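The values are calculated or read from the model by the stated rules, or taken from the named source; none is laboratory data. On a predicted model such as this, the values are computed, not experimentally measured, just so you know. Methodologically, a virtual Cβ is constructed for each residue, glycine included, from the backbone with ideal geometry; neighbour enumeration extends over all protein chains shown.
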Amino acid sequence: MPGERLQKIIAAAGIASRRKAEDLIVSGRVVVNGQVVTELGTKADPERDHIRVDGKLLQGPERYTYVVLNKPKGYVTTVSDEKKRPTVMDLIQNARGQKVKGRVYPVGRLDWASEGLLLMTNDGELANALMKASSNVPKTYVVKVAGQPDEAKLDKLRRGVSIAEKGGRRVRTAPAKIRLIREGDNPWLEVTIIEGRNRQVRKMFEEVGHHVEKIRRVQYGPLALDVPPGDWRNLTLLEVAKLKAAATQPKLSLPLSAPTSPRAPKLLQSSKPLRSPRPSQLAKSPAPKGRHD
């Protein structure tokens with residue numbers, strides 16, 4: 001097997017991220033065949049060479065792990081937090097008293113107040129493919145907004161609106177699918193987008209004068225939310241295959257949504273998938289205990 005960069009081998013073994021692996025090498029904590037290596041360009045063969053990090057022998061590439069988590073409100077989507085707030089890593093370590101095997105990290109983000117489906121993996125290639133702007137993997141959200149946006153405003157959102165990004169630069173969102181699923185003074189809507197800009201759904205509705213009160217991601221490509229808040233499960237081999245196919249499929253565009261009769265979304269409150277509740281049931285659904293919308 002041809003040689004690979006040491007930082008890539010260390011990252012593949014699940015010891016640290018590639019950037020952290022570079023720090024380990026530069027600080028002299030990596031030994032190859034008995035020799036301390038500090039050169040970042042150094043290559044090695046993980047099948048032939050003996051590579052040690054802090055004295056521990058690498059056991060070869062880490063097996064890929066794919067997890068879907070139902071993130072509750074009140075957790076930040078990051079591996080660690082400077083403000084010491086609860087992170088999604090706490091959930092995958094403590095749910096059901098079980099711990100996820102392998103060092104996984106979030107694919108994309110859901111902000112502190114957002115809920116729902118979050119994919120976590122140590123498959124860097126898939127994660128990068130999914131997070132690319134050109135991947136166009138559809139993401140569906142159930143959204144409760146303040147006030148009643150009229151059809152003209154919803155049509156504007158369906159066509160795409162200009163929103164501000166970090167630094168003040170404005171970008172136009174791609175067409176979205178939007179349909180009313182529960183009428184009321186503060187209605188619920190189902191929103192499907194093919195981008196993953198920071199707080200995108202919130203910013204879209206703010207742009208037409210409506211604050212998002214609650215938001216829950218219920219679908220990510222072929223994956224549907226089917227675990228209770230704060231819980232997780234491993235993906236099946238078929239789900240992984242479908243997810244990889246979705247990440248590499250040709251660019252798609254979403255047709256504009258025609259107004260439809262309200263129908264409640266599939267909001268999950270137990271470990272088993274539930275049938276879509278009636279609008280009256282949705283109104284009584286309890287809030288879950290517990291960078292990209």
Could you list, in sequence order, the residues of region 1-42 that are more than 22 Å from V79 (Cα to Cα), surrounded by 13 or more Cβ atoms within 10 Å (Cβ to Cβ) and touching a Pro at 6+ places or on another chain (Cβ under 8 Å)? E4
Do any strands (runs of 3 or more DSSP E) entirely within region 1-104 hold 2 or more residues that are within 27 Å of D231 (Cα to Cα) and either within 26 Å of the chain's Cα centre (by Cα) or assigned by TED's automatic domain parsing to the domain that holds A241 (or both), and if so, which? 66-71
Among D123, D90, D81, which is of a type in the set (D, E) and under 30 Å from D45 (Cα atoms)? D123
Quick one: what pairs do we get from region 144-171, first residue at positive phi, second assigned to a strand (DSSP E or B), C-beta under 8 Å, 6+ apart or different chains? G160/R172
Pick from region 60-96 the residues that are among the polar types (S, T, N, Q) and in contact with a Gly (Cβ under 9 Å, 6 or more places away or on another chain): which of them is modelled with the lowest pLDDT? N94
